[in-house]
Amino acid sequence: CSRDWSSDVALPISACFGLAACEHSGVFEPFREVSCFEAARVSLKDAIASAEGGDGRAIDADYRLDEEMGCLTGDPGVYDITLLAGGRISTVSVDARTRQVGPREASGAMNALFGGSPFEGSPVDMARMVPRLGIDISQAVELAEKDGGKAMVAWVEAKNGRAGYTVKLVERGRIRETWIDGERGT
């Protein structure tokens with residue numbers, strides 16, 4: 001199950017309401033954000049590994065660029081990683097340049113507008129699916145990247161009653177979305 005999105009056309013905010021394409025807050029990627037993401041030294045998989053290094057299992061990982069000219073000024077942005085540990089949900093930010101893990105950084109205007117969380121499925125809903133998953137989010141990212149592209153966003157999501165992961169990838173300025181069956185690893 002894949003979708004291809006052209007990143008050179010950003011959806012107006014009003015277009016997101018009521019469209020399946022805007023289920024997740026990370027769906028709205030302006031061209032500048034995609035360009036900066038492609039230049040980021042730290043991959044989504046590495047950011048997840050850094051975040052999980054303390055304690056917890058990642059259930060949501062999202063690249064974010066808050067500064068308009070961030071990649072030109074040396075600020076490649078952050079990855080916001082939602083972790084499940086000991087029945088608790090927390091979110092940390094991982095610097096896309098240094099892999100340094102810290103408390104969740106304040107969001108920019110777009111994330112503040114949309115609440116910084118998925119439109120469909122809260123972290124609690126994601127956490128409820130974890131026991132059904134046979135693979136973790138890093139393995140899902142690795143499987144998704146086998147067909148090319150660099151993973152930008154990944155989250156736990158159910159499709160047709162099966163628990164899995166939706167992964168958004170960027171390749172040559174274009175966004176492609178795919179779903180990985182988390183129960184089977186396919």
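Table for the structure above
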read-out	value
Packing rank of 83-93, 176-186, where each peptide gets the mean count of other beta carbons within 10 Å, highest leading	176-186, 83-93
Segment T73-R162, length gained on full extension (0.36 nm per residue, minus Cα span)	27.8 nm
Other-chain or far-sequence residues with amide H under 5 Å of L169's (modelled H)	M152, R176, E177, T178
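A short reminder: the numbers here are calculations on the coordinates, not readings from a lab. Here the structure is a predicted model, which is why all the values come from computation and not from measurement. Backbone-built Cβ (ideal geometry, glycine too); neighbour counts: all protein chains shown.
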